[in-house]
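Report on the structure given below.
We did not get these values from a lab; they are worked out from the coordinates using the rules stated. Since the structure is predicted, the reported quantities are computational estimates derived from the model, not experimental observations. As a convention, Cβ positions derive from the backbone with ideal geometry for all residues, glycine included, and neighbour counts pool all protein chains shown.
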Amino acid sequence: MLNRRFLRIKVLQQIYAYLQAEETDLTVAERRLLDSVDNLYGLFIRQLSFWVEVKCFAERRIEENMHKNFPTAEDLNPNRKFINNRILNMLEKNADLMRLTEQYKINWADDREDFIRGFYNRLREYKEYQEYMISSKSSFEQDKKLILDVIDNHMEDDELLFDYYSDKNLVYNSDYQLGLFLLWKFFNEMDESFNESSKIPPAFKTENDDNNDDKRYLIKLFKDTLKHADEYQELVKANIDNWDYDRIALMDKIIIFMALTEFCQFSDIPVKVTINEYIEISKYYSTPDSRRFVNGILDKLSEQLKEEGKLVKFGRGLV
């Protein structure tokens, strides 16, 4: 589920918190790192469950309207396209999602009348929803497109959603955007073979493998970056022209140190992949000038480490 970029971001966040708090207990810090991954995955499960609950709320509303004392023609002949959405119906019946919902203690009972109702009312105002409901077409892809469009165009900027999740768990504040991307990724990759017995992807892609390489990568990147921080600091200081080291943003320093860890400690990750990944991360987690600075210093340091024989990569195309 979590690709390497997500894992890099979680390490970046936890190293930043570790240094800001001036902690010294790496065992506790490692536990917090793993907890942060679990919290992000829990947010993803909560948002999956949220979509199911919105569908269920819409269904209950239709049934209530049909049994009013004076129902309208629309009440008696409702448009059921949303509640018949193939994806949401499969998720509602999915045994693994039920298990995970229980595991993360997710219960919408107290939120149906205000939070769920509020989102459903906003959903009905979105042009994507209205176009979906009046369309005569009905397909799995159309059902998927509605959900992806709402995530893309509305959930990111929905302050009420953001506030709700932040109130549920303070760490969701910093993970809200990541959680939305995981949600979008899940729906985007879903195909018609998904059913009630399908498995929801685990937090680590390699979670069910004997070695769980992704978890090992996460912990090693975290520990080795902190372990070699002093060494990397001197290396960076010796290679910055017209820059005052003390004025470099802490986030930039951590990004560079993490990249250096991948250069020197991970023989199976290509240099170009490392550089490109940390340039992308710097766009979102540091200053506007960070991308250019990170790109320049990592290019320079990779060449120096290669000349010194410290950049050792195995496999064709890794350097």
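For every helix of n ≥ 4 consecutive DSSP H residues, a contribution of -39,500 (n - 2.57) applies; sum these over the chain, divide by its total residues, and give [θ] at 222 nm rounded to the nearest 500 deg cm²/dmol.
Values: 15 runs with 208 residues, N = 319.
Mean residue ellipticity at 222 nm (helix-derived): -21000 deg cm²/dmol.
Which trypsin sites (Lys or Arg not before Pro) in the range 1-75 sit in a loop by DSSP (not H, G, I, E or B) and have at most 11 other Cβ atoms within 10 Å of their own Cβ? Before the final figure, lay out the partial values.
Details: sites: ARG4, ARG5, ARG8, LYS10, ARG31, ARG32, ARG46, LYS55, ARG60, ARG61, LYS68; in loops: LYS68.
When the trypsin sites (Lys or Arg not before Pro) of the range 1-75 are filtered for loop state and at most 11 Cβ neighbours within 10 Å, LYS68 remain.
What is the dipole size for the chain, taken about its Cα centre, with +1 at each Lys and Arg Cβ and -1 at each Asp and Glu Cβ, in debye to the nearest 20?
Working: 46 positive and 59 negative charges, 125 e Å.
Here the chain has a charge dipole of around 600 debye.
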**OP:** Give the residue from LEU250, THR24, ILE281 lying farthest towards the positive end of the charge dipole for the chain; charges sit on Cβ (+1 for Lys and Arg, -1 for Asp and Glu) and the dipole is referred to the Cα centre.
**Re:** ILE281
**OP:** Would you mind checking the tilt of helix 26-66 against the longest principal axis of the Cα atoms of the chain, expressed as 0 to 90 degrees and rounded to 10?
**Re:** 20 degrees
Original post:
If the limit is 20 Å between Cα atoms, which of LYS144/LYS168; LYS105/LYS220; LYS227/LYS283; LYS237/LYS272; LYS220/LYS300; LYS10/LYS205 go over it?
Top reply: LYS144/LYS168; LYS105/LYS220; LYS227/LYS283; LYS237/LYS272; LYS220/LYS300
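Could you compute the longest span of the chain free of GluC sites (Glu not before Pro) located in DSSP loops and having at most 10 other Cβ atoms within 10 Å, not counting the site residues? Each step should come with its number before you reach the end.
Numbers: sites that count: GLU22, GLU308.
Maximal segment without exposed cleavage sites: 23-307.
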Original post:
Looking at (i) 24, 23, 21; (ii) 46, 19, 19; (iii) 28, 23, 22, which value of semi-axes √(5λ) of the Cα gyration tensor in Å comes from a calculation on the structure shown?
Top reply: (ii)
Subject >> Cleavage-rule hits (trypsin sites (Lys or Arg not before Pro)) in the range 96-176: DSSP loop, at most 12 neighbouring Cβ within 10 angstrom >> reply: LYS105, LYS137
**OP:** Quick one: what are the phi-derived ³J(HN,Hα) couplings along the range 140-147, Karplus 6.51/-1.76/1.60 with θ = phi - 60°, whole Hz, x for glycine and proline?
**Re:** 4, 5, 5, 4, 5, 4, 4, 5
Subject >> Part-to-part distance (alpha-carbon centres) for the range 56-95 and the range 200-277, which is given in Å >> reply: 50 Å
**OP:** Find out how many positive minus negative residues lie around ASP96, taking Lys and Arg as positive, Asp and Glu as negative, among other residues whose Cβ is under 10 Å from that of ASP96.
**Re:** +1
Original post:
If you average the sequence gap of Cα pairs under 8 Å that are 6 or more apart and divide by the length of the chain, what percent do you get for the contact order?
Top reply: 22 percent
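Using the Cα centre of the range 2-96 as the reference point, and only Cβ charges (+1 on K/R, -1 on D/E), how large is the resulting charge dipole? Debye, rounded to the nearest 20.
Numbers: 15 positive and 14 negative charges, 95 e Å.
In debye, rounded to 20, the range 2-96 gives about 460.
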Original post:
So what J values fall out for the range 165-174 if you push phi through Karplus, 6.51 cos²θ - 1.76 cosθ + 1.60 with θ = phi - 60°, rounded to Hz, Gly and Pro as x?
Top reply: 5, 5, 5, 5, 7, 4, 5, 5, 4, 7
